[in-house]
Amino acid sequence: MMRDTANKLAAILFGVLAMGLPASLASAQNYPSRNITAIIPFAAGNANDITSRIVLEQVGRQMGQAVIIDNRGGAGGTIGVGQAARAAPDGYTILFHSASFSSAYVTHKALPYDTFKDFIAVAPAGISPSVLVVSPLKGYKNAGELIAAAKAKPGEMNFASAGIGAASHLAAEKFNVAAGIKSQHVPFKGPVEALTEVMTGRIDYYFLPIAPALALIKDGKVTALAVSSSTRAASLPDVPTVAEIGLPKAAYAFWNGVFVPAKTPLDIVTRLHDETQKAVADASVKERFAKLGIVPMTMTQPEFQKYFEDDVKDTDALAKAAGIERQ
């Protein structure tokens, strides 16, 4: 009798304690029990969106629940990030962002979120170097000739980007600072418009992720002079790195990864990290990455958190060196 009474008291006590647990913590054991929404803070079709679909499609298969892509573009990605910051910290709304997360910190006077406090950096996905392209009409055989031409006409040459603070903008600014040249920045809405102007010769040079430029490079419509990474890109094995042309400090890579709102339970963060890293190691994902010039990234969650925070600080230093003002 006493044993039965003790068991009943234990059951009641357990129930009371369970009722006091936050809903997010109580549900963590069964995560995920429904579809996950991934906010992509840019329009469909851009480099971050393409990478997210490759990775998260595989993550969904692994976890047995679909990951629904929700493109929330606008204001340089800050609108979508703000919405992700306000989402419930339960793992059912995640953010798939990129190096543009860091650049937004240094190019916007006010943000609808706190870059360092409102998110947990969960897992990296991939990293893609930018490629420096010019029109064949320019006649540059290598990056040295481009730099020499820019130094001969300080401030007269121009370069394209996909917008102020975009990866293409920062990659070019890092190149300019390292090479000691001054050029005019001409922002465009996206790579299609910018590449068109490069091909005509109206734009002197352009740094952009390899994927949108690869076909044009292979067709000879633009000339690749360098890639902004420390090692050569597998999809452009004959193109030297910025280090090989004598500018190691010009290295700049476009990374992507998964983030969740702050206060998301640790076990959910760990599960998302492990599943993302498993996805980027998948053979089919690696094959699709290779065709786009993307290299899988592998880090622990704390390593990625530090990588992200360091990248924001490095980007801030670059913006100051390049004279980029907050808008």
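Please treat every number below as a calculation from the coordinates, not as lab data. Only a predicted model underlies this, so the values are computations on that prediction, with no experimental measurement involved. Glycine also receives a Cβ, built like all others from the backbone with ideal geometry; neighbour counts cover every protein chain displayed.
Skipping prolines and chain starts, which residues have an amide H placed within reach, meaning under 5 Å, of the one on His108, given they are 5 or more residues away or on another chain?
Those lying under 5 Å, H to H, from His108 are Gln327.
Please turn the phi angles of the stretch 102-110 into ³J(HN,Hα) values with the Karplus equation 6.51 cos²θ - 1.76 cosθ + 1.60 (θ = phi - 60°), one per residue in order, whole Hz, x for glycine and proline.
5, 5, 4, 4, 9, 10, 10, 5, 9
I need the shape label for the stretch 28-85. Rule: rounded when a/c is under 1.5, else prolate if a/b > b/c, else oblate, with a, b, c from the alpha carbon gyration tensor.
oblate
Cα centroid distance between the stretch 157-204 and the stretch 250-327, in Å?
First find each Cα centre; the distance between them is then 24 Å.
Mind pulling the angle between the C-alpha long axis of helix 47-63 and the longest principal axis of the chain? Nearest 10 degrees, somewhere in 0 to 90.
Approximately 30 degrees, to the nearest 10.
For a quick check: with amide H placed at 1.01 Å from N, whose amide H comes under 5 Å from Trp255's, ignoring anything fewer than 5 positions away on the same chain?
Answer set, sorted by chain and number: Ala99, Ser128.
For the stretch 244-327, just say rounded, prolate or oblate: build the C-alpha gyration tensor, square-root its eigenvalues into a ≥ b ≥ c, call rounded for a/c under 1.5, and beyond that prolate if a/b exceeds b/c, oblate if not.
It comes out oblate by the Cα gyration axes.
Please list 79-88, 157-166 highest first by mean number of surrounding beta-carbon atoms within 10 Å per residue.
157-166, 79-88
Would you work out the charge dipole size for the stretch 144-279 about its Cα centre, treating the Cβ of every Lys and Arg as +1 and the Cβ of every Asp and Glu as -1, and quote it to the nearest 20 debye?
Here the stretch 144-279 has a charge dipole of around 180 debye.
Send over the Kirkwood Rh of the chain, from the inverse of the averaged 1/r over different Cα pairs, rounded to one decimal Å.
After inverting the mean inverse Cα-Cα distance, the result is 21.1 Å.
Sort the stretch 129-250 into rounded, prolate or oblate with this rule: let a ≥ b ≥ c be the square roots of the eigenvalues of the Cα gyration tensor; rounded if a/c is under 1.5, and if a/c is not under 1.5, prolate when a/b is larger than b/c, oblate otherwise.
Rounded.
How do 50-58, 124-132, 244-252 rank on mean C-beta neighbours within 10 Å, highest first?
124-132, 50-58, 244-252
Using only Cα atoms, what Kirkwood radius does the stretch 83-160 have, in angstroms?
Value: 16.8 Å, from the Cα pair sum.
Would you mind putting 146-154, 226-234 in packing order, based on average other-beta-carbon counts within 10 Å, highest first?
226-234, 146-154
May I ask for the angle, rounded to the nearest 10°, between helix 143-152 and the longest principal axis of the chain, with both axes built from Cα atoms and the value confined to 0 to 90°?
Roughly 60 degrees between the two axes.
Set the bar at 31 Å for Cα to Cα. Now go through Lys221/Lys286; Lys141/Lys291; Lys109/Lys174; Lys174/Lys278; Lys117/Lys151 and name every pair that lies beyond it.
Going by Cα-Cα distance, Lys174/Lys278; Lys117/Lys151 fall outside the 31 Å limit.
Pull up the DSSP beta bridges for the chain and report the antiparallel fraction as a percent, rounded to 5.
60
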